[in-house]
Amino acid sequence: MSRLKEARELYERALEITIKLRGRVHYHVATLQNNIAVILKQTGEFEKAIEMYNAALVLRKHLNGKDHPNVAQVRFNCRFNSSCPGWQSDHSNFPCW
């Protein structure tokens, strides 16, 4: 099993547990969604990554307000990632930007 696949599985399990314990509207849920999106982008699952980034962005905006640094972090991760060749050229109009 690749390290990214293993990390994704662990993050997804942590997300399930966090939602059960804390509910869907919690800061840790948004953090886990952002982390899963980073992995999805690195593995070339761009459409799934965008969906997960959007979920994290909506939740962080709700919890922190649109101008909070945590919202900017999701936007940055969604927009840029040097380890994902083709991401920027293939996705110039990011719905999460």
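Details
- Contour minus Cα-Cα distance for residue 13 and residue 26 (0.36 nm per residue): 3.1 nm
- Neighbour-count ranking [beta-carbon atoms within 10 angstrom, fewest first] of 27, 53, 11: 27, 11, 53
- Computed over segment 3-80, the ratio Rg/Rh where both radii use C-alpha atoms and Rh is Kirkwood: 0.96
- Here 4, 15 are placed in order of increasing Cβ neighbour count within 10 Å, fewest first, which gives 4, 15.
- Ordered by the number of other Cβ atoms lying within 10 Å of each residue's own Cβ, fewest first, 60, 75, 24 fall into the sequence 24, 75, 60.
- Working note: Karplus 6.51/-1.76/1.60 with θ = phi - 60° gives segment 23-32 the couplings x, 6, 9, 8, 4, 5, 4, 4, 5, 5 Hz, where Gly and Pro are set to x.
- Straight-line cross-link reach from residue 20 at under 24 Å between alpha-carbon atoms covers these lysines, not counting any fewer than eight positions away in the same chain: 5, 48, 61.
- Taking 7 Å steps out from each Cα toward its Cβ at residue 48 and residue 4 produces label points 1.1 nm apart.
Bear in mind these aren't lab numbers, they're just calculated from the coordinates by the rules spelled out. The structure presented is a predicted model; accordingly, all values stated were derived computationally and were not measured. Positions of Cβ are backbone-derived with ideal geometry, glycine not excepted, and every protein chain shown enters the neighbour counts.
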